[in-house]
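Please read the structure below before turning to the comments.
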Amino acid sequence: MIFKMYVNFVDTLNEWIGRTVMWLLVLLVITVVTDQFKRYLTGQSTDWAFDINYMVYGVNFMLAGAFCMKHDVHVRVDAFYVMMPVRYRCLLEVLFHVILLIPMTLFCLDSTWGNFLSAWNSKEISIVSSWHPPVYHFKFVMPLTFFLLLLQELAFLIRYVYGMVKGVPYVSK
């Protein structure tokens, strides 16, 4: 029961975050079009557009990772996978998650958390443009992304263990 509640909570959280950050693409289009119009009319680019664009796109791209995992749309080679019985597929997924995916995500979470703390302590700014906006708050997105991804990986691990034991895929809600 607690596992089902966890899986439903993580699915709902990542669904909400994914559907919320997708609206950042509208902001991205607005900033790109604004910069293009200014460049066309005056011959000069804006000082702020490049920084805003990579920050907005970065947040969108990173926070969509757990959403994509929830919907199982990450790239996978299914040549033999689809022909396996459910129990073997689930066993393969459990091994993949335990041996590779979760340790890699924990490593990335630890690394990006250290990067965020360093940026926060130094009040890091962007040196890419003449605008020099602060980026230390933006760097929090990286550890947040890997934390959300870890939560979703654990939810999938629960699903796959269930599938391994029961022989049928886990269906949430």
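Taking +1 at the Cβ of each Lys and Arg and -1 at the Cβ of each Asp and Glu, which of Val32, Val165, Ser118 sits farthest along the dipole of the chain towards its positive end, judged by Cα position relative to the Cα centre?
Farthest along the dipole direction, towards plus: Val165.
Please say if segment 2-166 is rounded, prolate or oblate, where rounded means a/c under 1.5 for a ≥ b ≥ c the square roots of the C-alpha gyration tensor eigenvalues, and otherwise the choice is prolate for a/b larger than b/c and oblate otherwise? Intermediate values should be presented prior to the final figure.
On the way: a/c = 2.83, a/b = 2.02, b/c = 1.40.
It comes out prolate by the Cα gyration axes.
Sticking with the crude label model, points 7 Å out along Cα→Cβ, report the distance from His137 to Asn121 in nm, one decimal please.
Each label point is offset 7 Å from its Cα along the Cβ direction, giving 2.2 nm.
Can you give the calculated 222 nm mean residue ellipticity of the chain, where each DSSP H run of n ≥ 4 adds -39,500 (n - 2.57) and the sum is split over every residue, rounded to the nearest 500 deg cm²/dmol?
Values: 6 runs with 119 residues, N = 173.
Helix contribution divided over all residues of the chain: -23500 deg cm²/dmol.
Among Met55, Phe147, Asn14, whose Cα sits farthest toward the positive end of the charge dipole of the chain (+1 at Cβ of Lys/Arg, -1 at Cβ of Asp/Glu, about the Cα centre)?
Asn14
Order by neighbour count: Val165, Val141, fewest other Cβ atoms within 10 Å first, most last.
Final ranking by Cβ density, sparse to dense: Val165, Val141.
Enumerate the amide H contacts of Ile125 below 5 Å, restricted to partners 5 or more residues apart or on another chain; note that Pro and chain-start residues carry no placed amide H.
Amide H to amide H, under 5 Å and 5 or more residues apart or across chains, Ile125 pairs with Val135.
Cα to Cα, under 19 Å, and not fewer than 8 places away if on the same chain: which aspartates and glutamates meet these conditions relative to Lys166?
Glu93
Taking θ as phi - 60°, what are the ³J(HN,Hα) couplings along segment 31-47 by the Karplus curve (6.51, -1.76, 1.60), each to the nearest whole Hz, with x for Gly and Pro?
3J(HN,Hα) across segment 31-47, in whole Hz: 5, 5, 5, 4, 5, 5, 5, 4, 5, 5, 7, 10, x, 10, 7, 6, 6.
In percent, how large is the relative contact order of segment 1-145, given Cα pairs closer than 8 Å and 6 or more residues apart? Write down the numbers at each step before the final one.
Numbers: 103 pairs, mean separation 36.8, N = 145.
Answer for segment 1-145 is 25 percent.
Tabulate in residue order the Karplus-calculated ³J(HN,Hα) for segment 107-121, using 6.51 cos²θ - 1.76 cosθ + 1.60 with θ = phi - 60°, rounded to whole Hz; enter x for Gly and Pro.
Per residue, the Karplus-derived 3J(HN,Hα) values read 4, 5, 4, 4, 5, 6, 5, x, 5, 4, 4, 5, 5, 5, 5 Hz.
Could you let me know the centre-to-centre spacing of segment 48-115 and segment 118-144, using Cα atoms, in angstrom?
24 Å
Let me know the charge dipole size of segment 64-173 about its Cα centre in debye, to the nearest 20, where only the beta-carbon of Lys, Arg (+1) and Asp, Glu (-1) is charged. Numbers along the way, then the final one.
Values: 9 positive and 6 negative charges, 66 e Å.
Around 320 debye, computed over segment 64-173.
Quick one: Tyr54, Tyr6, Tyr160, Tyr40, fewest Cβ neighbours within 10 Å first, how do they rank?
Numbers: Tyr54 17, Tyr6 14, Tyr160 23, Tyr40 8.
The fewest-first ordering by Cβ neighbours comes to Tyr40, Tyr6, Tyr54, Tyr160.
Quick note: the coordinates plus some simple rules give every number you see, no bench work behind them. Predicted model only: the values in this text are computed from it and were never measured. As a convention, Cβ positions derive from the backbone with ideal geometry for all residues, glycine included, and neighbour counts pool all protein chains shown.
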